[in-house]
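Each remark here refers to the structure printed beneath this line.
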Amino acid sequence: MTSVTVGILGVLGLLLLIAIRLPIGVALGLAGFVGVWALLGVDTALYVVQTGPVEALSSSTLSVLPLFVLMGLVSVRIGFSTGLYSAANAFVGHRRGGLAIASVLSCAGFGAVCGSSLATVATMARVAVPEMLRFGYSPKLAAGSIGAGGTLGILIPPSLPMIVYAVLTENSIGQLFAAGVLPGIVATLLYAAAISIWMRFSPELGPAGNRASWKERFAALGRIWGVVAIFAIVMGGIMAGLFSPTEGAAVGSFSAIVLGAAQRSLSLSALIGCLLETIQVSAMILFVVAGVSIFDYFVQAAQIGPQLSDFVRTLDIAPFWIMALIIVILIGFGMVLDTMAILFILTPVLYPIVMELGYDPIWFGILMIMLIEIGLITPPIGMNIFVVAKMVPQVTTWGAFQGVTPFIVADIVRIALFLLFPGLVLFLPGLMM
C-alpha cells in the first residue's frame, strides 16, 4: 500500500471519527497515530505521540490565545453589547430595516473585542432580537441579521481562527489581524446593503423605528468609548509595532478588566468566572493543537501535501480554477463541520497547494476564514443559525435559513471582490512590513 493510499485512508478515517462525534482533538490524535504506525511502525508512532504535542504546545505564539479569550469573555460580562446596539440603533434605527442594520453594526463592533462567532451571536441575539420583534420586524429578518452578523466575530480582529491559522502555518498573527480589518469593514457594509435592498422589495418586514435626536445620538456614542478605546489600543499598538500580539492581548485583557471594575460592571466573582471559562476554552483548543501535531506528522509522512502539489502542477489549468475548486471544498466542509475542525483538518492539506500556486499566505488565511464564515450560516449545519433559532422561538430553523439567504448572496459578492482585488486584503499588512 502506497503512502498516498494510506494518507487518503487516514483522512477518511478522521472524518469518520468526527462523524461518530469523537472529540476533534482525540480524532486527530488517533487518526495520526494509526497512520504513522501504518507508515513507519509502532515505535515511531509512540515517539511522535510523546514528542509532537510537547513541541507544539511549547510554541510561544500560543500564549496569545488565552489572553484574547479572556478579553472576549470580560467584554461579554461588562455589557459592551448593549452599548453598541444602542449607539447603532440611534443612528440607523429610523430607517426601514434599520434595527437589523444596527444589529449587524453592533455585531461587527462586538466581534472586534470578542473574537468568537458563536459568542457574538448568543450575546447580540439577547440584546437585539427582542427589540426588533417589539417593533414588528419579521422573525426571519431578525434571525438572519443576527446569524449573519455573528460571522463577523471571526473575521474582524482579534480572531481566534486567525490565531490558529497563524500557528498552523507559522505566519504572523499581527499581519493576519491587520489583513482582517478592511475585509471586516467591507463585509459589514455589504450586509447593511443586503438589508437595504431587501427592504426595498419587502418594506413590511422591517418597519422604520423612532428617529433619535442628535443629543441622543451623541449620548449613545459616549457609551461605546470603552470598545473603541480597547480596539484602538490593541490593534493600533500591534500595527504600529509598539508591542507584539501577545503583549497586545495582555493590554487588551487588562484594559477590559480595569474598565469593568471602574464601571462596577465586573464583580470579583464574575472575573473569577471569566478566568475559569478562559481555562476551559483554552484547554480545549490546546488539546486540539496537541492532536493536530500528531496528525500533521502523519500528513507529512504520507506526503499528502507534496503529492497534491505535484498533481496540481501536472494539471493544465489556470491557478484561478484550482482556487475555485478549493473554495468549493471549503464551503462544502463548512456546511458540515465547525470552524476549528476545518482549520485543523484542511490547513495542513491545502496550504502547500496554495503556496505552490503562488498565492500569498496572508491573503489565503483571510479568504479561508471568510469561506468558513459562509459555512456558519449555510445548511445543513449552520451553527450560527441553530443558535439564533433556539433563541428566537418565533422562527423555525428553516425560517432562519431563509432569513440569512440575502447575506449569503452578499458573501458571494465579497468573495468575488477579494479574489479579483487581493490588494484590499494585503494593503494594511503591507504597511507593517
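The values are calculated or read from the model by the stated rules, or taken from the named source; none is laboratory data. Quick caveat, the model's predicted, so the values are computed rather than measured. Here Cβ is always computed from backbone atoms with ideal geometry, including for glycine, and neighbour counts include all displayed protein chains. With ligands, DNA and RNA removed, areas are computed over all heavy atoms of the protein, side chains included. Shrake-Rupley method; radii C 1.70, N 1.55, O 1.52, S 1.80 Å.
Results for (1) within 15 Å of the chain's Cα centre (by Cα); (2) open to solvent by 30 Å² or more (accessible area, probe 1.4 Å); (3) among the small types (Gly, Ala, Ser), shown as yes or no for each residue.
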site	(1), (2), (3)
Ile329	no, yes, no
Ile353	no, no, no
Leu367	yes, no, no
Ile374	yes, no, no
Asn384	yes, no, no
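Report yes if Ala125 is touching a helix residue (DSSP H, G or I) at 6+ places or on another chain (Cβ under 6 Å), modelled with pLDDT under 80 and either assigned to a helix (DSSP H, G or I) or farther than 16 Å from Gly149 by Cα (or both), otherwise no. Answer is yes for this residue.
Considering only residues in region 402-412 that are in a helix (DSSP H, G or I) and in contact with a helix residue (DSSP H, G or I) (Cβ under 6 Å, 6 or more places away or on another chain), the one that is most open to solvent (accessible area, probe 1.4 Å) turns out to be Gln402. Listed here are the helices (runs of 4 or more DSSP H) enclosed by region 35-104 that have at least 1 residues being within 30 Å of Ser3 (Cα to Cα): 42-57. Across region 403-433, the qualifying residues are those that are in contact with a Ser or Thr (Cβ under 9 Å, 6 or more places away or on another chain) and more than 27 Å from Pro245 (Cα to Cα), and the one among them that is modelled with the lowest pLDDT is Gly403. The one condition from (1) open to solvent by less than 60 Å² (accessible area, probe 1.4 Å); (2) in contact (Cβ under 8 Å) with a residue 24 or more places away in the chain that Ala38 does not meet is (1).
Restricting Gly149, Gly226 to those that are part of a helix (DSSP H, G or I), open to solvent by less than 40 Å² (accessible area, probe 1.4 Å), within 15 Å of Met370 (Cβ to Cβ) and in contact (Cβ under 8 Å) with a residue 40 or more places away in the chain reduces the list to Gly149. Note on region 229-244: among residues that are open to solvent by 30 Å² or more (accessible area, probe 1.4 Å) and part of a helix (DSSP H, G or I), the one that is farthest from Val74 (Cα to Cα) is Met239.
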